[in-house]
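What follows is one structure encoded as structure tokens, with my remarks underneath.
The values are calculated or read from the model by the stated rules, or taken from the named source; none is laboratory data. Not measured: the values here are computed from a predicted model. Quick reminder, even Gly has a Cβ in these numbers, built from the backbone with ideal geometry, and neighbours come from all protein chains shown. Ligands, DNA and RNA are stripped out before the accessible areas are found, and what is left, the full protein with its side chains, is counted by its heavy atoms. Shrake-Rupley method; radii C 1.70, N 1.55, O 1.52, S 1.80 Å.
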Amino acid sequence: MALLPPPTHSLPPLTLTSLNPTTSLPSLSFLPPFASISLPSVRLPSHHHLSNRSLRFLPSASSSFAAVAAGAKPTVIVAEKLGEAGLALLREFANVDCAYDLSPEELCAKISLCDALIVRSGTKVTRDVFEASKGRLKVVGRAGVGIDNVDLLAATESGCLVVNAPTANTIAAAEHAIALLTAMSRNVAAADASLKAGKWQRNKYIGVSLVGKTLAVMGFGKVGSEVARRAKGLGLHVVAHDPYAPVDRARAVGVELLPFDDAISTADFISLHMPLTPTTNKLFNEETFAKVKKGVRIVNVARGGVIDEEALVRALDDGTVAQAALDVFTEEPPPRDSRLVQHENVTVTPHLGASTMEAQEGVAIEIAQAVIGALKGELAATAVNAPMVPSEVLSELSPYVTLAEKLGRLAVQLVSGGSGIKGVVKVVYTSSRDPDDLDTRLLRAMVIKGIVEPISSVFVNIVNADYVSKQRGLRLSEERIFLDGSPEIPLHSIQIHLANVEARFASALSDAGDIRVEGRVKDGIPRLTMVGSLSVDVSLEGNVILCRQVDQPGMIGRVGSILGGKNVNVSFMSVARNAPRKQAIMAIGVDEEPEKETLQMIGEIPAIEEFVFLKL
Ligand SMILES: NC(=O)c1ccc[n+]([C@@H]2O[C@H](COP(=O)([O-])OP(=O)(O)OC[C@H]3O[C@@H](n4cnc5c(N)ncnc54)[C@H](O)[C@@H]3O)[C@@H](O)[C@H]2O)c1
Ligand SMILES: O=C(O)[C@H](O)COP(=O)(O)O
């Protein structure tokens, strides 16, 4: 797939009022086909047609879209230095603009011409950037772990996927923490500077030994656990604090997980390895330093903001903290006159944790693959602001994903013009699976997509679905009904109920007065199986005409010949009735969209009480 540089189409806003039997939805070709998801591990029956529309997850919440044209390449802006191997991968797929050291204003000026942006920790991807992109930016790739420099809320609101490269620099960061730990405890940096200044100060730079001392690893994730492993090799006794770390992982490394206060009060050395979040912001402050063992030594290779730097300076001044070794700072680069950086008991490096040749090549490849995958429409395994759906789950859910969107599209088109969706949208899943084995986030997102897209200019994807539904005041509830049966099949049916709405096809109302549609997947094909309280069996492909009629001979022939006469190909017909010669619902699948007068001719058949044309 490829993207044309400038946005070309604006989807005309469509209100519910325009949804009447003679006004069709805007042509789907108006919507950018971005990319169809590529499902390497998905095996579907050969007759199953994956709908491009259903599987497009790529973001753009704007009404203007960059259209995709065969042959054109997407544009990726790389705002910070990235390893060559990653750049080479990107260049095979996209136009790559390496624009380092841009000011915030310059970045905002360029961003509306880019489909993806790749940054490291030095670029702030703010709300202004997303707003300036005007919906064109679909992916932000963070070539590293920490995403505290990306405004995730703004990204999500604009339907922009954020991916990171969480694994390739783990070892580099852990090695740097160990380097700082040992360099600090033996005064390597200060002694080096002193000798280069012509001094020979052997007594001044007497260090402390590590062996037998206690190290508290704060944050026992990827980097923290690698630091722990290495520190044990140096003869340190290692404890850790991490409210979310699995006990098994700590046990496997031979580390005891302790409550926060216990960890910091028993440690001779503290090494920080947690992310910067609202909870960890200035976690190490005046109050915390009051609880540490006097003369503790602190290493920070995580994020500067985790420490209240002014409180640390005071703790260093009064000897509460004997030494600190810091790779990261609240403000980067820190001010030249920073008391912390200049403190004689502080060893500093300019955010070098991830800066090894090996890590940078690895990170560049990891992020290039993630960004390319995301631009192709794949659900990224390292998505930060979208649910990560494992490929095996995606594989088995893909026909249900199509079903969920089509049911949503169908349900909203059954709402009478102008009344809108005021009440709750209830999605009912019938399944024989344990709820823990059925991840419905993707299905919910597709129901929202189906409900919102036909009546708005918003492009919905898995990133922004929940946000969009909240914005539009949709109250979506999910219910699961357990059905005795084989858990091999993930779902038996999906029902959508729209409450407090008027129907433009009265037969779509259930006994409870909700618009109700139900669908199932049969042989890999999504089918409509219930409208209101009447069973039907209609393949959810192409377009559908639903008619309520008095059951009598010849109806199928009459409708069929009207359509045939107008060269509209009928793909199927299904009739459901509650009793012979009473009321029946006829569902007719048509490949083409019938003209207004063709639909009128059907509506004028005397036995037809009501009918509706639905575009799927
Ligand atoms: N200096 C560098 O160049 C460099 C390089 C890589 C990573 N980092 C930083 O190191 C940190 C860790 O990276 P990682 O890859 O190990 O991430 P990770 O997600 O694997 O691990 C972070 C751990 O912190 C834990 N955590 C969250 N809140 C916590 C809290 N309040 N108290 C204690 N633990 C908490 C999490 O449960 C998780 O286990 C991040 O801040 C990352 O940005 C810095
Ligand atoms: O979070 C990270 O991955 C590190 O802090 C590395 O940041 P960098 O990519 O700016 O070196």
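Say whether the condition of being within 16 Å of ligand 2 (Cβ to nearest atom) and either in a strand (DSSP E or B) or farther than 26 Å from THR280 by Cβ (or both) is met by at least one residue in the stretch 372-389. First the steps, then the outcome.
Going through the stretch 372-389, the residues within 16 Å of ligand 2 (Cβ to nearest atom) turn out to be 382, 384.
Keeping just the survivors that are either in a strand (DSSP E or B) or farther than 26 Å from THR280 by Cβ (or both) gives none.
No, there is no match, as no residue in the stretch 372-389 is within 16 Å of ligand 2 (Cβ to nearest atom) and either in a strand (DSSP E or B) or farther than 26 Å from THR280 by Cβ (or both).
Among SER158, SER121, which is the only one that is at pLDDT below 95 and of a type in the set (S, T, N, Q)? Break it down into steps so the answer makes sense when it comes.
Working: SER121 fails: at pLDDT below 95.
Criteria check complete, one pass: SER158.
Can you give me the number of residues within the stretch 291-314 that are more than 16 Å from ligand 2 (Cβ to nearest atom), under 17 Å from GLU332 (Cα atoms) and within 36 Å of the chain's Cα centre (by Cα)?
Of the residues in that region, 2 qualify.
Given (1) within 16 Å of ligand 2 (Cβ to nearest atom); (2) small (Gly, Ala, Ser); (3) buried (at least 21 other Cβ atoms within 10 Å of the Cβ), identify the lone condition not met by GLY221.
GLY221 satisfies all of (1) within 16 Å of ligand 2 (Cβ to nearest atom); (2) small (Gly, Ala, Ser); (3) buried (at least 21 other Cβ atoms within 10 Å of the Cβ) except (3).
Going by the conditions given, is PHE269 within 16 Å of ligand 2 (Cβ to nearest atom), surrounded by 15 or more Cβ atoms within 10 Å (Cβ to Cβ) and aromatic (Phe, Trp, Tyr)?
Numbers: within 16 Å of ligand 2 (Cβ to nearest atom): no; surrounded by 15 or more Cβ atoms within 10 Å (Cβ to Cβ): yes; aromatic (Phe, Trp, Tyr): yes.
In short, no.
Go over the candidates SER194, SER225 one by one and state the one that is of a type outside the set (Phe, Trp, Tyr), within 10 Å of ligand 1 (Cβ to nearest atom) and without any contact (Cβ under 8 Å) to a residue 60 or more places away in the chain.
Numbers: SER194 fails: within 10 Å of ligand 1 (Cβ to nearest atom).
Just one listed residue meets the conditions, SER225.
Could you please give the count of residues in the stretch 159-175 that are within 11 Å of ligand 1 (Cβ to nearest atom), open to solvent by less than 30 Å² (accessible area, probe 1.4 Å) and outside any loop (DSSP other than H, G, I, E, B)?
Residues meeting the conditions: 5.
Take the stretch 307-329 and flag every residue that is closer than 22 Å to GLY353 by Cα and among the charged types (D, E, K, R). Even if it seems obvious, please write down each step before you answer.
We begin by selecting, within the stretch 307-329, every residue closer than 22 Å to GLY353 by Cα; these are 307-309, 312, 323-329.
Hits for the stretch 307-329 are ASP308, GLU309, ASP327.
Among the residues of the stretch 356-367, are any in a helix (DSSP H, G or I), over 15 Å from the mean Cα position of the chain (by Cα), free of Cβ contacts under 8 Å to residues at least 60 places away in the same chain and more than 30 Å from PRO454 (Cα to Cα)?
Among the residues of the stretch 356-367, at least one is in a helix (DSSP H, G or I), over 15 Å from the mean Cα position of the chain (by Cα), free of Cβ contacts under 8 Å to residues at least 60 places away in the same chain and more than 30 Å from PRO454 (Cα to Cα), which makes the answer yes.
Which of (1) surrounded by fewer than 21 Cβ atoms within 10 Å (Cβ to Cβ); (2) part of a loop (DSSP other than H, G, I, E, B) is the odd one out, the single condition LEU491 does not satisfy?
(1)
Restricting the first residue to the stretch 317-336 and requiring it to be away from ligand 2 (no atom under 16 Å from the Cβ) and in a loop (DSSP other than H, G, I, E, B), which pairs with a second residue that is aliphatic (A, V, I, L, M) and at pLDDT 95 or above meet a Cβ separation below 8 Å and a spacing of at least six or different chains?
Here the result reads THR320/ALA290; THR320/VAL292; THR320/VAL296, each pair linking the stretch 317-336 to a residue that is aliphatic (A, V, I, L, M) and at pLDDT 95 or above.
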